[in-house]
Amino acid sequence: MAKFLHIADIHLGIRRYRSEERTRDFYHAWQDVIDKHAIKERVDFVLIAGDFFDARRVEPQAMNHAIAGLKLLREAGIPVVAIEGNHDCHEADTRFSWLRSLSQWDFLHLLEPVYEDGQVKMHPWDEKKRKGSFIDIAGVRIFGSIWYGSTVSESLGRLIEAMREHRSESLYPVMMLHTDVEGQLNRPIPALSVGQLAELRSHIRYLALGHTHKNFEIDDWVYNPGSLEACNVDEYFNRRGAYLVEIRDGRHHVELRRDYRQRKIERYSFDVTGQPSPEVLFESLMQQMRRDTGIEHGKSGAAGETGEAAADRSLDSAPVIELTLRGQLEFRTASLELNRYREEIWREFEPLLAIVRNQTLPTEYAVALGLRDEVSRAERERRVIEDLLSREARYRDHAAALAAMILEVRHLALNDESPEQILETIARREKLIEQPAG
Ligand SMILES: [Mn+2]
């Protein structure tokens, strides 16, 4: 009987939204997962199926975060087995990488197939050299691989050949692979085909995947835990976790563990259509935010709590707030006060981060697209101008008259009419149009 933890895509050192705290969140997730689900569970080993680091050029802080967790596991006598991912793989022109160094220093076992003279070889783990392509722990034979990208389907055939040489009836065959699988993502990129998966199946009992940042399983033998934390707001709404796996009675039993420290992300959306001015928009936006967040007034620490302790506590539990503005803007985009919304959200709701995204349709564009080809240029111009005018509330009622005036003024200007004459025309037309409000 063996017990292990399978995680992937820890992305230590990730930098997002210029937030130091978000970088630390990934460390807290990693730390909490190994404490709760590896050390307390007394697992026999931990698998990291790629992207332990967010970048191959590891920042000092990220290395601290990595070592802090790896040390705990080493002290608990729990070996860590890892493969490279697309984010932390070695560069083609050097034999050095931080993962290889960590392997040399006895913090983890980095498994890599060996490529020599166009041949793929799987070498057993060599404890002296601290290198190998597969390793046996607690009755499990774990095969490694590297990042193949779009060539994964071609590469896998030769890898399977190499693994076949090292079959063992008495050991439970597990393979680690960092790849997308066909059908699991909406992205039109080459992924591991379902046909190739079928071929692997006769050699491997448990395929420990990484790469796709959402949890999925295929037919009780392919497992992708998803990233430990959410690398962006969209990902937050995917399921993710860590697999606690037990092998007993000749088969594996898995459980996706999701209770560990993760930052909360709240997503809001506001439709700007029909909001006539920046001021009105701001007021209705904040009103809706107060309703949606369920916060009436600025929240502050509990009574009696002051100083750093209270601040720390609120920082730990403060969510990331993302607000997306949608719909048709009724005034110029330049008047959209994104910074003001960000600051007000910050002040009232005290999130860790306030992200405001503008997906509104600007007044400046639009129209003309729907017009038929035979519509004359003059008519097309008139329609575009009228349409732009009618999008601003204060011009809406007089859009047609104003459009006619603008075209007339242009005509006069193109005919070298005197400025006085042009001004007089505007003044004459203006009488037909009410004074714009505010
Ligand atoms: Mn990843």
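Readers should treat all values here as calculations from the given coordinates under stated rules, not as data from a laboratory. None of these values were measured; they are calculated from a predicted model. Heads up, the Cβs are rebuilt from the backbone with ideal geometry, glycines too, and the neighbour counts pull from every protein chain shown.
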Positive-pole candidate from ALA55, GLY327, ILE10, dipole of the chain, charges at beta carbon: ILE10
Whole-number percent relative contact order across the range 61-177, with pairs defined as alpha carbons under 8 Å at least 6 apart: 22 percent
List the longest stretch of the chain that has no exposed loop site; here a site is one of the chymotrypsin sites (Phe, Trp or Tyr not before Pro) assigned by DSSP to anything other than H, G, I, E or B, with at most 13 other Cβ within 10 Å. 106-236
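To the nearest 500 deg cm²/dmol, what mean residue ellipticity at 222 nm is calculated for the chain from DSSP H runs of n ≥ 4 alone, each contributing -39,500 (n - 2.57), summed and divided by the residues?
Working: 12 runs with 144 residues, N = 438.
Using -39500 (n - 2.57) per qualifying helix, the result is -10000 deg cm²/dmol.
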Can you give the convex hull volume of the alpha carbon atoms of the range 181-230 per residue, in Å³? 76 Å³
Total charge of the residues flanking LEU423 in space, meaning their Cβ is under 14 Å from its Cβ, with Lys and Arg +1 and Asp and Glu -1, is -2
Counting Lys and Arg as +1 and Asp and Glu as -1, each charge on the Cβ, what is the dipole of the range 130-216 about the Cα centre in debye, to the nearest 20? 220 debye
Using the Cα centre as the reference, give the magnitude of the dipole from point charges on the C-beta atoms of the chain (Lys, Arg: +1; Asp, Glu: -1; all else neutral), rounded to the nearest 20 debye. 980 debye
For every other residue with a beta carbon closer than 14 angstrom to the beta carbon of HIS411, add +1 if it is Lys or Arg and -1 if Asp or Glu, then tell me the sum. 0
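Decide, for the range 2-257, between rounded, prolate and oblate: order the square roots of the alpha carbon gyration tensor eigenvalues as a ≥ b ≥ c, take rounded if a/c falls under 1.5, and otherwise choose prolate if a/b is larger than b/c, else oblate.
Rounded shape, in that the Cα axes give a/c under 1.5.
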Neighbour-limited loop hits for trypsin sites (Lys or Arg not before Pro), the range 30-139 (at most 12 other Cβ within 10 Å; DSSP other than H, G, I, E, B): LYS40, ARG42, ARG57, ARG95, LYS128, LYS129
Could you check which residue among HIS109, HIS252, HIS211 shows the biggest mean-square fluctuation in a GNM of the chain with a 10 Å Cα cutoff? HIS252
Ranked by GNM mean-square fluctuation in the chain (Cα springs under 10 Å), the top entry among MET63, MET405, MET175 is MET405
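Over the chain, what relative contact order in percent results from Cα pairs under 8 Å that are six or more residues apart?
Working: 789 pairs, mean separation 53.3, N = 438.
Once normalised by length, the contact order is 12 percent.
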